[in-house]
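Student: Below is the structure I would like to discuss, written out as structure tokens.
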Amino acid sequence: MKELSISLPIIFLLALNGCAPTSQIATGSASDLRNEQLEQVSTALTLMRDRSERLDSLYWPIRSLNTDLCAEDVTYISGFGMNLLSAFPRQYKEAANIKLGITENISIYTITRDSPAEKAGLQRGDVITSFNGEAIGAGNRGATKMNNLLKKNEEATYKLGIRRDLTETNIDITPEAACSFPVLLDPSDAINAYADGTNIYITTGMYRFAQSDQELQLVIAHELAHNSEGHLDKKLGNTILGAVLDVTAAAYGINTQGAFSDATSRMFSQEFEREADYVAMYMLSKASVPTIEAANFWRRMSAEYPGSIKGSFSASHPASAERYLNIEATDLEIRNKINSGSALMPERK
């Protein structure tokens, strides 16, 4: 019997034609597609701007009213963010220009609520033309000059020349002292927040998870406490201690495979988290942020991560049930101090 032989190209063509859709799909024009792409990019940019502005605004009372807890990590803040077209990634430039009106002029992009900039009357879209009478040009050179002048004039009142709706005017702004760690939006969808000793990061996942301004402020204050209490430096010190022990063991012919470094890097991790929870509650109270419902946040977190309810010795965070009770106890401690007229400062060993 003669064998049937079919070449591979023919099989490939038959496969392509075998399961094709049968509907005649309605489509838009090429220009419609481009316009929709621009619209979606501009919507994404606007969302990121608004979320960053909200985080800054929620953070402002916490960072400006807790400078005594930030020790030497204090700076002077005006409360506005600037932007120009060349600062946007290449794929976003067209939408930023066409839909949001961003150009190479240095313009006000965000305004922190209740900040010196808002109190002075600065608005989104204002174009910066001068600083204390000194002209500010466009482009990266103008942005660098503006940043340098702000740093040089850190604490003093300054006169900002702006152009708004073709009208030139001057606005006097007096920066205010605040904790120096900025809050930044991390685009990750993970429900997380973290601090690196310099900045505070809130993920988009955490931003969405938080159900109120107060819950976001609780998370921000917790991360601020990590930075203000120097937890990252302390963890690094513990890790270095472990590394020294690993090297010493190696000198005696013992290969620890980094066991001491790994163990000491986790040393006091849960205690640092407890301290951050504790200090954060005081930070919120000093900023007049309601804390009565703060503990409920950890109940909702435990629903997302049931494994955290009991916790374990090796976990980096205390059990969520324990955190709930500790925060409730701290809230009671703070309310007793308020009722007795005592200073709102954390108890220290």
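Student: Within the bounds of the stretch 166-175, is there any residue that is within 30 Å of LEU232 (Cβ to Cβ) and crowded, with 18+ Cβ neighbours inside 10 Å?
Tutor: So the first thing to find is which residues in the stretch 166-175 are within 30 Å of LEU232 (Cβ to Cβ), and the list is 175.
Pick out the ones that are also crowded, with 18+ Cβ neighbours inside 10 Å and you get 175.
Looking for residues that are within 30 Å of LEU232 (Cβ to Cβ) and crowded, with 18+ Cβ neighbours inside 10 Å, one finds at least one in the stretch 166-175, hence yes.
Student: Same structure again: For THR112, work out the one condition from (1) of a type outside the set (Phe, Trp, Tyr); (2) farther than 28 Å from ARG163 by Cβ; (3) modelled with pLDDT of 95 or more it doesn't fulfil.
Tutor: With respect to (1) of a type outside the set (Phe, Trp, Tyr); (2) farther than 28 Å from ARG163 by Cβ; (3) modelled with pLDDT of 95 or more, THR112 is out only on (2).
Student: Which residue out of PRO187, PRO175 is on the phi < 0 side of the Ramachandran plot and in the same structural domain as TYR59 (by TED's automatic domain parsing)? Spell out the reasoning first.
Tutor: Values: PRO187 fails: in the same structural domain as TYR59 (by TED's automatic domain parsing).
Unique residue meeting the criteria: PRO175.
Student: Do we find a residue being touching a residue at least 40 places away in the same chain (Cβ under 8 Å), under 23 Å from PRO61 (Cβ atoms) and under 23 Å from the mean Cα position of the chain (by Cα) anywhere in the stretch 92-103?
Tutor: Taking the stretch 92-103 first, the residues touching a residue at least 40 places away in the same chain (Cβ under 8 Å) are 92, 94-96, 98-100.
Going one step further and asking which of them are under 23 Å from PRO61 (Cβ atoms), we end up with none.
So far as the stretch 92-103 goes, no, none of its residues is touching a residue at least 40 places away in the same chain (Cβ under 8 Å), under 23 Å from PRO61 (Cβ atoms) and under 23 Å from the mean Cα position of the chain (by Cα).
Student: Considering only the stretch 20-39, state which residues are surrounded by fewer than 12 Cβ atoms within 10 Å (Cβ to Cβ) and in a helix (DSSP H, G or I).
Tutor: Within the stretch 20-39, the first condition is being surrounded by fewer than 12 Cβ atoms within 10 Å (Cβ to Cβ), and the residues that meet it are 20-33, 36.
Of everything in the stretch 20-39, those that are surrounded by fewer than 12 Cβ atoms within 10 Å (Cβ to Cβ) and in a helix (DSSP H, G or I) turn out to be ALA30, SER31, ASP32, LEU33, GLU36.
Student: For the stretch 58-83, which residues satisfy the criterion of being small (Gly, Ala, Ser) and under 19 Å from LEU160 (Cβ atoms)? Outline the logic, then answer.
Tutor: Going residue by residue through the stretch 58-83, those that are small (Gly, Ala, Ser) are 64, 71, 78-79, 81.
Answer for the stretch 58-83, where residues must be small (Gly, Ala, Ser) and under 19 Å from LEU160 (Cβ atoms): SER78, GLY79, GLY81.
Student: Specify which of the listed residues (SER107, SER115, SER86) is surrounded by fewer than 17 Cβ atoms within 10 Å (Cβ to Cβ), small (Gly, Ala, Ser) and either within 23 Å of the chain's Cα centre (by Cα) or closer than 21 Å to TRP60 by Cβ (or both).
Tutor: On the way: SER107 fails: surrounded by fewer than 17 Cβ atoms within 10 Å (Cβ to Cβ); SER115 fails: surrounded by fewer than 17 Cβ atoms within 10 Å (Cβ to Cβ).
Of the residues listed, the single one that is surrounded by fewer than 17 Cβ atoms within 10 Å (Cβ to Cβ), small (Gly, Ala, Ser) and either within 23 Å of the chain's Cα centre (by Cα) or closer than 21 Å to TRP60 by Cβ (or both) is SER86.
Student: Something else: Residue check: is GLU168 at pLDDT below 95 and either under 26 Å from the mean Cα position of the chain (by Cα) or not in a helix (DSSP H, G or I) (or both)? If you could, list the steps in order and put the result at the bottom.
Tutor: Numbers: at pLDDT below 95: no; either under 26 Å from the mean Cα position of the chain (by Cα) or not in a helix (DSSP H, G or I) (or both): yes.
Spelling it out, it is not the case that GLU168 is at pLDDT below 95 and either under 26 Å from the mean Cα position of the chain (by Cα) or not in a helix (DSSP H, G or I) (or both).
The values are calculated or read from the model by the stated rules, or taken from the named source; none is laboratory data. All values derive from a computational prediction rather than experimental measurement. Every residue, glycine as well, gets a Cβ built from its backbone with ideal geometry; the counts of neighbours run over all protein chains shown.
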